[in-house]
Amino acid sequence: MAQPDPYGADHRRRREPAIEAAYNTPCPRCGLPMLRGQKLHFGHTKDKGIEPWSKADRVEHADYDDCPTGGNTAAGGRLGRQIQDLKPSRVW
């Protein structure tokens, strides 16, 4: 069974113009310029894992290919691991 698209029409409508406007501006994660041809993500200033109602509001590098800090993908992985570490392995 196909999974529902986690990004609604509002997200898709806002994403393309935001990415176009972000070219040649600094990445909020690493400060390097975001250039055409690089993988860019429409990310969240307030991480969705902490605030599920937050909307994507900034463009940033996607991964280690273009960002020395790992970009949005690595940040999501780090946050996921931190959340997992806070959960106990069992109920005491």
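The values are calculated or read from the model by the stated rules, or taken from the named source; none is laboratory data. Since the model is a prediction, treat every value here as computed from it, not as a measurement. Neighbour counts are summed over all protein chains in view; Cβ atoms, including those assigned to glycine, are modelled from backbone coordinates with ideal geometry.
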Restricting to the range 23-37, name every residue that is under 15 Å from Gly71 (Cα atoms), in contact with a Leu (Cβ under 7 Å, 6 or more places away or on another chain) and surrounded by 13 or more Cβ atoms within 10 Å (Cβ to Cβ).
Met34
Within the range 28-61, considering residues that are among the small types (Gly, Ala, Ser), at pLDDT below 85 and outside any strand (DSSP E or B), the one nearest to Arg14 (Cα to Cα)
Ala56
Residue in the range 69-92 that is surrounded by the fewest Cβ atoms within 10 Å (Cβ to Cβ), counting only those that are modelled with pLDDT of 75 or more and in contact with a strand residue (DSSP E or B) (Cβ under 9 Å, 6 or more places away or on another chain)
Thr69
I'm told Arg14 meets every condition in (1) modelled with pLDDT of 80 or more; (2) under 26 Å from Arg81 (Cα atoms) except one. Can you identify the failing condition by its number?
(2)
